[in-house]
Structure formats: C-alpha cells, structure tokens
Ligand SMILES: C[S@@+](CC[C@H](N)C(=O)[O-])C[C@H]1O[C@@H](n2cnc3c(N)ncnc32)[C@H](O)[C@@H]1O
C-alpha cells in the first residue's frame, strides 16, 4: 500500500469501504472482493478488506478498540497490548510526566495509552503508511497528539524539550526477518540508550534481552501479561537506577529482585511444586521467589521450585505433588495404564524432551487425566505427578 491509498482509507470514502468490508463473512474471499469492487477500485477494495481482516486479528491485542484502529500487519504484530500500554502510560503519569516524545510510534498503541493517561504526545514514525495510520488512530483519542513523519535520529534533538519524557519501542525486524538482537533494532539501540541519559524515559525491549545488555544505571522491568512474557522495559529518570522487577499484568503484582540476588538452596521434591511466572524467571527472581515460598529449587538453574508449604502467590502456579516417578518411559507407561490415564498434560524444563512426542509415546488411552512435570533433580530426572492447587493465571 502506498501513502495515497492509506490517506484514502482513513478518509470518508475509506470509512464507507471499511463498513462494507467489515460486514463480509470472510474478507479474504472472492465474494468479498467482488462486493467491494462494485463501488471501489481494486486496490482500494483490497486495502479495505485487508484492514477488516487485520482488525479482526487485532481483537486479541486491543479488544473492541481494534474495530476503530488502522493497522498494518507489521504494526499489529509489534504493537503493545492495550493493558500493557496502559500500565506504561500510568507509570509515566505517576512520575509527573506531562509530555512524552514517542520516537517510532508504529500504529500508535503506546501513544494512544499516553494520550488516554492525560499526557501530551509527540509521535514520530518514518514509515509513511504507518504514520498516516498512527495519525488517524491518535486523532480519535482525547488529548493533544502530533504524528510527525521522520527519522527519530534526525528529529529527536529538535523535538525533545528539557522536561519531556522520551519513549522508544524500536522495531525488531531486520533483512533476515524478525530479530531480537539489539544490533538489529531500529532506531538503533545505542541511540535509544543515549536519549535516556539525563531524562525520564523508557525503552521497550525484547523479553529475552540479555541482562548484560542492560545498563546498570537503568531500572528494568520484565513484564508478563496474562502469563505471557511480553517485554522488558528499561526506565530512566524517575525510577530507581539498577532496580530489577518482575511485573505481572493486568493485576500489576511486582516482585523486586534484590541487588545481590542470593541463590536458593537445592532440595528434593517436597509436598508442592511451583512454576514461576515467566516474568519472574526472566527477571532472575526464581531464588527470591523460593524464599517467599519457604522453598528451594529442585535443581541448579531449573526454575521449578518446591516447598512443603502451600502459599497463595500471584508469582507462580502451585501444584500439589501426588507422586514422584523416575523419568523412565516404561515406568510412566505402566503408571498411565494403572491409573487409566487418557488425557495427559506434560510440562518439561531443563531436559531435551518434546512434550507432544513424549505424550504420543506414552499412548494415553484411559478415561482419567493427569499432569506430569518432567525435570532434572539432584537425584536424577523425575516425572512428578501433580495437581494444580491454584487456578492458572
Ligand atoms: C515496534 S514499532 C512501535 C510500536 C508501538 N509502540 C505500538 O505499540 O504501536 C517500531 C516503529 O518504529 C518505526 N521506526 C523504526 N526506525 C525508526 C526511525 N529511525 N525513526 C522513526 N521511526 C522508526 C518503525 O517503522 C515501526 O513502526
């Protein structure tokens, strides 16, 4: 799509085409294309239908708001989930920020949340079509927003006033496809970090970013949303330098990891097994969590924790241990037969085992169900039969 077509799509004729496109049962069907081509050019019909399809896909990220947004495929894929964007905007607002410059705003999911939190927003985007869509998305929101088409590296100097906060969510694509290497980010990683010096700001980074790539003077937050690890955010200015926190959204529970993390003891399988939330694991908070659970790790470097106490915690899913079996497929098959197990959930950490392939080999055939946790322990690999003792998040 070119910029002219994007402008048409966000205009009044585009609105009519989108209305008709959204009524189509399958926007990718020939019938849908035929219906729209009665009124609009083929490229316009295709753009409206593609937009209708993207809005349907966008529902998981944006809920009902997706119906009002203009999206590109890359823009949707890289956009921040609405509840995560709201959390970030809330942190800026609570820090007393009044204007934020969003350098590389994409389709504007974060910028929209900043506006909705009452902040003034200046957004920059260098892709022409994405910039047109971002402007349309932000126009519909309350507040004051300007979307400027340009290169963040060229315009940051003139846009950023001394009291402004800055936000960057660098694009994670390279010529080799999707990438999480900081070397492949755009705007560049070093540029993003340089803007955080001496001002309040945040960078949205990959959830798997190496801890060594995070400057020690920035606060870092590993964020999960409904159990999915979604990002690592780096914060400067208003946030405590060097803080390391796991944040679980939408509830907002936070686990702060001590500066000098201690290593939890290693022990056997107790009465309960805990699987920490992925944000806790990536933040390096498993040992800290073990302390809160009055527990220990089941093996060095393995994130499964165990305890003889059942603790109600948002930071982990707790399981009651029913039986501890050696990880031996003959033993497991016999156990399955003996317990008439037909539905088997398998969780694996720290061993090169494909749960789906293992399930097939174990041939579940009965009427009962079971959950197996396969993990190394100090005494060798074990298959632990468990029952969830908390509702999964
Ligand atoms: C990950 S997306 C931003 C997503 C956004 N935070 C959201 O939630 O919708 C990054 C965007 O930065 C843009 N971009 C990359 N390099 C840029 C640069 N040097 N100047 C301006 N925009 C840039 C890309 O075109 C892309 O749309």
(Q) Could you tell me how far the Cα centroid of the stretch 225-294 sits from the Cα centroid of the stretch 38-104, in Å? (A) 29
**Q.** FRET efficiency estimate (nearest 0.05) - Cβ-Cβ, residue 259 to residue 190, R0 25 angstrom
**A.** 0.45
(Q) Between helix 82-94 and the chain, what is the angle of the helix's C-alpha long axis to the longest principal axis, kept within 0 to 90° and rounded to the nearest 10? (A) 80
**Q.** Chain lengthening between residue 43 and residue 153 when straightened (0.36 nm per residue, less Cα-Cα)
**A.** 36.3 nm
Q) Rounded, prolate or oblate: which fits the chain when a ≥ b ≥ c are the square roots of the eigenvalues of the alpha-carbon gyration tensor, with rounded for a/c under 1.5 and prolate only if a/b beats b/c? A) oblate
Q: May I ask you to compute the full-extension gain from residue 356 to residue 292, defined as 0.36 nm times their residue separation minus their alpha-carbon distance, rounded to one decimal in nm?
A: 19.8 nm
Q: Could you state the angle between the C-alpha long axis of helix 12-22 and the longest principal axis of the C-alpha atoms of the chain, as a value from 0 to 90 degrees rounded to the nearest 10?
A: 30
**Q.** Full-stretch length increase - residue 77, residue 333 - with 0.36 nm per residue and alpha-carbon distance subtracted
**A.** 88.0 nm
Q. When all C-alpha to C-alpha distances in the stretch 1-138 are sorted into bins of 5 Å, what percent of pairs does each bin hold, rounded to whole numbers?
A. 2, 11, 20, 21, 18, 13, 8, 5, 2, 1, 0
Q) How far apart, in nm, are the 7 Å Cα→Cβ label points at residue 25 and residue 217? A) 6.2
Q.
Suppose only helical runs count, i.e. DSSP H with n ≥ 4. What mean residue ellipticity at 222 nm does that imply for the chain under -39500 (n - 2.57) per run, divided by all residues and rounded to the nearest 500 deg cm²/dmol?
A. -10000 deg cm²/dmol
Q.
When a/c reaches 1.5 or more, the comparison of a/b and b/c decides; with that in mind, is the stretch 3-68 rounded, prolate or oblate per its Cα gyration tensor?
A. oblate
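Every read-out reported here was derived from the displayed coordinates using simple, explicitly stated rules and does not represent laboratory data. Keep in mind the model is a prediction, meaning the values are calculated, not measured. Reconstructed Cβ throughout: ideal geometry from the backbone, glycine too, with neighbour counts over all protein chains shown.
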